[in-house]
Amino acid sequence: MPGPGLQRRLRNECHSQASREARLWLPSKHAEPPAAQGAHQRHPRLGLGWARALRIQRSAAQVGRTTLAAALLLGVQVSARAQSSIEAATDALRSGDPQGAVEIATGILEGGGDQRAGALWIRALARERTGDLSGAADDLAALARSLPENPRVLMALGGAKFKLGDARGAIEAFDAAAAADPELDPHLWQRGIAHYYAGRFRDGARQFEVHRSVNPQDVENSVWHFLCVAATEGLEVARDGLMPVRTDSRVPMAEILRLFAAEADPDEVFEAAEGNGPGAALYAHLYVGLYHEAAGDEMLAGEHMARAVALRLEHHYMWHVARVHDTLRNAK
């Protein structure tokens, strides 16, 4: 979901595999972390200023040490020897060998010592990369037990649980993250999506309403709010309350908003997305599918979700939303 925040700047400035490895530790895919309000403000739990965190992340991306930087951002202290081992696992992950990274991290964990938290974090990243979502969630759950008030760990755990189709478990983890750092609360759009799939539509609507206060120009936020309202109050009420958005420039977001406003049809969404890459196609099929679900056409909704899943954009959180949707609806 869009916004002018830290992740977008990192993505624009560090077009490397290493920068992509950082997605899991950021509290939101796009929104500015709440502690970033001032250049030198420090996070109350981590004791690490966001300006310094950003410098660490940039430097780490340049030398391929993103995962190590993530460990530092978690507040984990590691010895020089442990750092060397963690860097070896990071290098394996960065070079496209996630299974090798899993094996190195497992060896670190079996050896004990002061590198356990960093190794769990790396192994969670690597396991997700291999498709072992359950293993990644297990590692993050273990890390959360060690760092029970660390909002970054709890956010990652929530995302991992959601990717397993455990919407209620995801909400529990996101709630814990908000309890650990109340300033995160309006940024938790992921929790709103989990609310939708847990059938907690009013809670979801409230989450998207408050998210608008920190991310007002986001078509996806408007659409998810629409979906939550439609599920409890009907399409007309949802359409009357559709949140306006003026400056979401992503393709085909303008057409998606018009679709939910009953000012466009699905063909216009697909025409806008055509030729703009798999990301645009993912958004088109995901949101046209959700539009059909809101309208009560489960067959068309299922067809478009299946097409979204077939794009295999495993690095994209919204691809996982499409996959979870497809899995949960087919299980009924």
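Nothing in this text is a laboratory measurement; each read-out follows from the coordinates by a stated rule. Every value quoted in this text rests on a predicted model; they were computed, and no experiment measured them. FYI the Cβ positions are ideal-geometry reconstructions off the backbone, even for glycines, and counts take in every protein chain you see.
Determine, from the Cβ-Cβ distance of Glu183 and Arg246 and an R0 of 30 Å, the FRET efficiency 1/(1 + (r/R0)^6), rounded to the nearest 0.05.
0.70
Using the Karplus curve 6.51 cos²θ - 1.76 cosθ + 1.60 with θ = phi - 60°, work out ³J(HN,Hα) for each residue of the stretch 291-300 in order, rounded to whole Hz, and write x for Gly and Pro.
Per-residue couplings from phi come out as 4, 5, 5, 4, 7, x, 9, 5, 5, 5 Hz.
Ranking request for peptides 216-224, 182-190: highest mean number of other beta-carbon atoms within 10 Å first, then the rest in descending order.
216-224, 182-190
Hey, rough spin-label estimate for Ser146 and Asp265, points 7 angstrom out along Cα→Cβ, what's it come to in nanometres?
5.7 nm
Spelling out what I want: for every residue of the stretch 209-216, take phi, set θ = phi - 60°, compute 6.51 cos²θ - 1.76 cosθ + 1.60 (Karplus), and round to whole Hz; glycine and proline get x.
For the stretch 209-216, the Karplus-derived couplings read 5, 6, 5, 4, 5, 10, 8, x Hz, x marking Gly and Pro.
Please report, in cubic angstrom per residue, the volume enclosed by the convex hull of the alpha-carbon atoms of the stretch 195-332. Present the calculation step by step, with values, prior to reporting the outcome.
Numbers: hull volume 14.4 nm³, N = 138.
Cα-based convex hull of the stretch 195-332, divided per residue, equals 104 Å³.
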